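Enquirer: Structure incoming, see below.
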Amino acid sequence: GSIMERITSFSVDHTKLDKGIYVSRVDDNLTTYDIRMTVPNLQPALDPKAAHTIEHIGATLLRNGEHKDKIIYFGPMGCRTGFYLLLAGDYASEDIVPLATEMFSFISNFEGDVPGASAKDCGNYLDMNLPMANYLADHYLKNALYVADDKNLNYPE
């Protein structure tokens, strides 16, 4: 047996998980959201360069938006099937669909220089793919956020 307890995110049945946005955990007025952009183990993981691009644009938008005081963190999952968003406060997944929709809509239409994509601002600034980031954000909007129902908002039993 293992000496370590299984962490919450490994207790979700990933074979039943769809694209969507889920409350992963709530700790002392801090909510962690699972922004799942692909179906785990069935659809290809996110392109690393595109995920990096989504992180740069998304984090910049979130930290400049109306909820900037609540944004703690936005970044990719190690498995590259989505992102984690940490917000100060206790909100249901439905409550942040508008925020996620705004962010992914912005990313899907983003053109020009990716924020922070310079040697001075980023440790791997050439590792970007904006056209793929645009495509993946649009795909997520159309296949998860615009059509979100129970299976896209609540973890499977």
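The values are calculated or read from the model by the stated rules, or taken from the named source; none is laboratory data. The structure displayed is predicted, hence computed values, not measured ones. Here the Cβ positions follow ideal geometry from the backbone for every residue, glycine too, while neighbour counts run over all protein chains shown. Heads up: the accessible areas ignore ligands, DNA and RNA and are worked out on the full protein's heavy atoms, side chains in. Shrake-Rupley method; radii C 1.70, N 1.55, O 1.52, S 1.80 Å.
Enquirer: At a 1.4 Å probe, what is the % contribution of carbon and sulfur to the accessible area of the chain?
Expert: So the carbon and sulfur contribution to the accessible surface is 52 percent.
Enquirer: Right, here's the next one. Karplus couplings for region 143-154 from phi (6.51 cos²θ - 1.76 cosθ + 1.60, θ = phi - 60°), rounded to Hz, Gly and Pro as x?
Expert: So the J values, rounded to whole Hz, are 10, 9, 5, 5, 10, 4, 9, 3, 5, 9, 10, 10.
Enquirer: Taking amide H atoms as placed 1.01 Å from N in the peptide plane, list the residues 5 or more away in sequence, or in a different chain, whose amide H sits under 5 Å from that of LEU30.
Expert: Sorted by chain and number, the residues that satisfy this are GLY89.
Enquirer: Please tell me the relative contact order of the chain in percent, rounded to the nearest whole number, where contacts are Cα pairs under 8 Å and at least six residues apart.
Expert: 30 percent
Enquirer: Taking region 53-150, which trypsin sites (Lys or Arg not before Pro) meet the DSSP loop condition and have no more than 10 other C-beta atoms within 10 Å?
Expert: LYS120
Enquirer: In terms of Cα to Cα distance under 19 Å, which aspartates and glutamates are near enough to LYS49, apart from those fewer than 8 places away along the same chain?
Expert: GLU111, ASP113, ASP121, ASP127, ASP138
Enquirer: Which value, in debye to the nearest 20, describes the size of the charge dipole of the chain about its Cα centre when Lys and Arg Cβ atoms bear +1, Asp and Glu Cβ atoms bear -1, and nothing else is charged?
Expert: On the way: 13 positive and 22 negative charges, 77 e Å.
Charge dipole, the chain, about its Cα centre: 380 debye, nearest 20.
Enquirer: Around SER93, which amide H atoms from residues at least 5 apart in sequence, or from another chain, sit under 5 Å from its own amide H, with H modelled in the peptide plane?
Expert: VAL23
Enquirer: Another question, if that's okay. Counting only heavy atoms of protein chains, what accessible area per residue, in Å², does region 1-143 have with a probe of 1.4 Å? Write out the running numbers ahead of the final one.
Expert: On the way: 7820 Å² over 143 residues.
Computed with neighbouring chains in place, this is 55 Å² per residue.
Enquirer: Of ASP18, ASP34, ASP127, which is the most mobile in a GNM of the chain whose springs link Cα atoms less than 10 angstrom apart?
Expert: ASP127
Enquirer: Using only C-alpha positions, report the orientation-averaged shadow area of the convex hull of region 32-125, nm², one decimal.
Expert: So the mean shadow area of the Cα hull is 6.6 nm².
Enquirer: Here is a further query. Over all directions, what mean area does the Cα convex hull of region 1-80 project, stated in square nanometres?
Expert: 6.9 nm²
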